1. Determine the gain in length on full extension of the stretch HIS1-ARG68; use 0.36 nm per residue of separation and subtract their C-alpha separation, reporting nm with one decimal.
2. Expressed as a rounded percentage, what relative contact order does the chain have, with Cα pairs under 8 Å and six or more residues apart?
3. Within straight cross-link reach of LYS88, meaning Cα distance under 13 Å, which aspartates and glutamates are found once same-chain residues fewer than 8 apart are removed?
4. Computing the accessible area with a 1.4 Å probe over protein heavy atoms, can you report the carbon and sulfur percentage for the chain?
5. Excluding ligands, DNA and RNA, what is the solvent-accessible area per residue of the chain at a probe of 1.4 Å, expressed in Å²?
6. Between beta-carbons, use under 11 Å as the cut-off and find the net charge around THR17, counting Lys and Arg +1, Asp and Glu -1.
7. Please determine, in degrees from 0 to 90 and to the nearest 10, the orientation of helix 4-32 with respect to the longest principal axis defined by the Cα atoms of the chain, where the helix direction is its Cα long axis.
8. Less than 18 Å from a label point 7 Å out along the Cα-to-Cβ axis of SER90: which backbone N atoms in segment 21-43 qualify, by residue?
Amino acid sequence: HLEESAVAALVRDFAGTWQAAIKRINGDVIAYFGNFVNGMEILKYTLAQLLIYYKRFQDLIAQQWPRRPPPFAKDLVDTEAIFQEIRKYSRSF
């Protein structure tokens, strides 16, 4: 059983920080991996994992509240928006 207030806090925190976090991940990969080919692969894998885990999180929410979405569902970030942001950074490395 998921605690609604805890999940709501996670959803709102993610919604407010995900773009800056992706930017920070990109910057860290550029700083720490001088080999651009390896860095690009690491960045792609890392950002793909982020998207996979977020989709799993959304699926857990849907399973927990199958009849009616909880009030915080309006704050969930669309996975397509995350995907578009990932595409932007995976091309710019």
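1. 22.5 nm
2. Working: 44 pairs, mean separation 43.4, N = 93.
After rounding, I find 47 percent.
3. GLU80
4. Values: 3590 of 6330 Å².
Ligands and nucleic acids excluded, carbon and sulfur reach 57 percent.
5. Numbers: 6330 Å² over 93 residues.
I get 68 Å² per residue for this part.
6. Numbers: positive: ARG12, LYS23, ARG24; negative: ASP13.
Around THR17, the surrounding residues sum to +2.
7. 0
8. Label zone hits: 21-30, 36-43.
The values are calculated or read from the model by the stated rules, or taken from the named source; none is laboratory data. Being a predicted model, the structure only gives us computed values, none of them experimental. Using ideal geometry, Cβ is built from the backbone for each residue, glycine included, and neighbour counts are taken over all protein chains shown. Side chains included, ligands, DNA and RNA excluded: accessible areas come from the protein's heavy atoms. Shrake-Rupley method; radii C 1.70, N 1.55, O 1.52, S 1.80 Å.
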